[in-house]
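Engineer: Encoded as structure tokens, here's the structure I'll be asking about.
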Amino acid sequence: MRKAAFTTLGCKVNQYETQKILEDFERAGFDIVPFDAEADVYVINTCSVTGQAESKSRQTVRRAARQNPEAKVIVTGCAGQMALNHGREFEEADLVVPNPKKLETLKRFLKAYPGFATGLVPSSEVSAPGFSGRTRATVKIQDGCSVHCSYCSIPKTRPVMTSRDFEEVIEECRAYARRGFREIVLTGVLIGAYGPETGSGGPDFEELVELLCAQDCIDQLRISSIEMRQVSPRLIELMSRDGSKIAPHLHIPLQSGSTKVLSDMNRPYTQEDYIRLCDEVQRRVMDVAITTDIMVGFPTETLEEFEQTVKVCEAVRFARAHIFRFSERPGTRAEALGDPVAPAEKQARSIRLMEVTERTRREFVRRHLGRTLPVLVETKDRSTGLLKGHTPNYIEALFPGPEAMIGKFVDVRLDEERRSVALGEAVANLCIAEDRTELRVVN
């Protein structure tokens, strides 16, 4: 049987798309194997959001080619699209599939190499998606970006704004829920732009979220990264309702806390706008976690401008932050500004922000100690032997319990913070009967 292996670099949208490509190969009769195993076909879904991400994508392609020199290596994703845009070779790749045609990867591969179709036995079954140990599933609802931040190449690699038909989205989410996934994560390149103008068939983003919350089979809904201008009063109202199924967690990219640098980045808000929005979200949505992305070393970021970013981090008290360094992206407006901030200075600023945001992350966890929160149990932690999962507001929790709890919501009392992780005790035991699963409360 022909073997195919897959790997993903980058965002949740890429992860979702890789899963769909994998399912096409599996239905066609390919045996799916781990990426570090010998395979006949390797599919790499690449990323180009930073120079480091693009370099890692190329390294991954070379590694696949070395694992089996006789195999075919397929490249898709944003780094592949960047190569096509600039007429560059993608070394070691046998086929580069453009981003807009990514979900046609199998079709294009078999057209280019028809001999691989020989001996395949199609199957109507596919294995369970490889999302978070069958606890949460990611569903892409939107593609394309039209914001054109001055440092970002994504509008050049994902230029077409599209929204999936809302009935198709709802049915996919329901199907995952019926298969045992307890949380659905909605994702998109510019998720708040979802709407009828680009193909939803009627609902805008908030209306889709409300329709999904009305599905009895869906336990919890999580919204992935969303731009601050798309965190609408309507979305905040939906999240603030009693018994809301929307996880109290928003990932709102900041990028810089300096109003001047934000303008240079072509980000459509000021420092005051961002802080005001976060204040409103924290005031109205109980226990909400706000997480973010922050860039350091943008060409016009002076030390004074950097201190404005520190100021925002102290004001918002992020529950988690992803800090990354500016790198020139070909064809962007920021490319003309050069890269004047020295690597050592970028590193120093990164370290400073990581220290601040790690402190606020630990403070966020500590504020919840002594409370009992539901934890969606995902796996057994290898290093401690404890069960591991996340609360609705995305606090990582470790606690002792039977493996029968994996894949279920368990009420956990959070007792101690250790390195930003909450250690606790389950306040219920799982009792497995022959024909049912029930929870028994521990007094």
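Engineer: Can you find even one residue in segment 288-310 that is in a helix (DSSP H, G or I), hydrophobic (A, V, I, L, M, F, W, C), in contact with a Leu (Cβ under 8 Å, 6 or more places away or on another chain) and not assigned by TED's automatic domain parsing to the domain that holds Cys152? Spell out how you get there, then give the answer.
Structural biologist: Filtering segment 288-310 down to residues in a helix (DSSP H, G or I) leaves 303-310.
This time we only want the ones that are hydrophobic (A, V, I, L, M, F, W, C), so: 303, 306, 310.
Now drop any that are not in contact with a Leu (Cβ under 8 Å, 6 or more places away or on another chain), which leaves 310.
From what's left, not assigned by TED's automatic domain parsing to the domain that holds Cys152: 310.
Yes, because at least one residue in segment 288-310 is in a helix (DSSP H, G or I), hydrophobic (A, V, I, L, M, F, W, C), in contact with a Leu (Cβ under 8 Å, 6 or more places away or on another chain) and not assigned by TED's automatic domain parsing to the domain that holds Cys152.
Engineer: Against the conditions (1) among the aliphatic types (A, V, I, L, M); (2) in contact with a Leu (Cβ under 7 Å, 6 or more places away or on another chain); (3) surrounded by fewer than 22 Cβ atoms within 10 Å (Cβ to Cβ), where does Met1 fall short? Just the number, please.
Structural biologist: Answer for Met1: the failing condition is (2).
Engineer: Which residue out of Leu120, Leu103 is within 28 Å of Pro159 (Cα to Cα) and surrounded by fewer than 21 Cβ atoms within 10 Å (Cβ to Cβ)?
Structural biologist: Matching residue, one of Leu120, Leu103: Leu103.
Engineer: Among the residues of segment 260-274, count how many are farther than 13 Å from Val231 by Cβ and crowded, with 17+ Cβ neighbours inside 10 Å.
Structural biologist: 6
Engineer: Being crowded, with 20+ Cβ neighbours inside 10 Å and of a type in the set (S, T, N, Q) is the filter; apply it to segment 140-199 and report the residue that is nearest to Asn99 (Cα to Cα).
Structural biologist: Step by step, filter segment 140-199, then rank; the result is Thr157.
Engineer: Moving on. Here are some conditions: (1) buried (at least 21 other Cβ atoms within 10 Å of the Cβ); (2) at pLDDT 95 or above; (3) of a type in the set (Lys, Arg). Arg329 meets all but one. Which one does it not meet?
Structural biologist: In the conditions (1) buried (at least 21 other Cβ atoms within 10 Å of the Cβ); (2) at pLDDT 95 or above; (3) of a type in the set (Lys, Arg), Arg329 misses (2) alone.
Engineer: Another question, if that's okay. Which condition number does Ala404 fail, the rest of (1) surrounded by 16 or more Cβ atoms within 10 Å (Cβ to Cβ); (2) modelled with pLDDT under 95; (3) in contact with a strand residue (DSSP E or B) (Cβ under 8 Å, 6 or more places away or on another chain) being met?
Structural biologist: Of the numbered conditions (1) surrounded by 16 or more Cβ atoms within 10 Å (Cβ to Cβ); (2) modelled with pLDDT under 95; (3) in contact with a strand residue (DSSP E or B) (Cβ under 8 Å, 6 or more places away or on another chain), the odd one out for Ala404 is (1).
Engineer: How many of the residues in segment 420-435 are modelled with pLDDT under 95 and part of a loop (DSSP other than H, G, I, E, B)?
Structural biologist: Qualifying residue count for the region: 4.
Engineer: Give the residue, chosen from Glu104, Glu89, that is within 18 Å of Arg58 (Cβ to Cβ) and either more than 27 Å from the chain's Cα centre (by Cα) or not hydrophobic (A, V, I, L, M, F, W, C) (or both).
Structural biologist: On the way: Glu104 fails: within 18 Å of Arg58 (Cβ to Cβ).
None of the other options fit; the residue is Glu89.
Engineer: Here's a follow-up. From Thr157, Thr162, which residue is at pLDDT 95 or above and hydroxyl-bearing (Ser, Thr, Tyr)?
Structural biologist: On the way: Thr157 fails: at pLDDT 95 or above.
Matching residue, one of Thr157, Thr162: Thr162.
Engineer: I would also like to ask the following. Give me the pairs, please: first residue somewhere in segment 212-223 and in a helix (DSSP H, G or I), second residue anywhere and basic (Lys, Arg), beta-carbon distance under 6 Å, and either six or more positions apart or on two chains.
Structural biologist: Cys213/Lys245
Engineer: Next question, about the same structure. If you scan segment 194-207, which residues turn out to be closer than 12 Å to Ser232 by Cβ and in a helix (DSSP H, G or I)?
Structural biologist: Across segment 194-207, the qualifying residues are Phe205, Glu206, Glu207.
Rundown of residues vs (1) modelled with pLDDT under 95; (2) under 16 Å from Arg136 (Cβ atoms); (3) under 22 Å from the mean Cα position of the chain (by Cα), yes/no style:
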site: Arg179; (1), (2), (3): yes, yes, yes
site: Thr187; (1), (2), (3): no, yes, yes
site: Gln215; (1), (2), (3): no, yes, no
site: Ser225; (1), (2), (3): no, yes, yes
site: Pro233; (1), (2), (3): no, no, no
site: Ile236; (1), (2), (3): no, no, yes
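Engineer: Give segment 15-37 a look and list any residue that's of a type in the set (D, E, K, R) and either outside the structural domain of Val97 (by TED's automatic domain parsing) or more than 20 Å from the chain's Cα centre (by Cα) (or both), or say none.
Structural biologist: Passing the criteria: Asp24, Glu26, Arg27, Asp31, Asp36.
Engineer: Still on this structure, please answer the following. Could you please give the count of residues in segment 256-269 that are under 25 Å from the mean Cα position of the chain (by Cα), assigned to a loop (DSSP other than H, G, I, E, B) and free of Cβ contacts under 8 Å to residues at least 60 places away in the same chain?
Structural biologist: The qualifying residues number 3.
Engineer: Taking the stated definitions as given, is Glu417 without any contact (Cβ under 8 Å) to a residue 40 or more places away in the chain, farther than 30 Å from Arg178 by Cβ and outside any loop (DSSP other than H, G, I, E, B)? Steps first, answer last, please.
Structural biologist: Working: without any contact (Cβ under 8 Å) to a residue 40 or more places away in the chain: no; farther than 30 Å from Arg178 by Cβ: yes; outside any loop (DSSP other than H, G, I, E, B): yes.
Answer is no for this residue.
The values are calculated or read from the model by the stated rules, or taken from the named source; none is laboratory data. Only a predicted model underlies this, so the values are computations on that prediction, with no experimental measurement involved. Every residue, glycine as well, gets a Cβ built from its backbone with ideal geometry; the counts of neighbours run over all protein chains shown.
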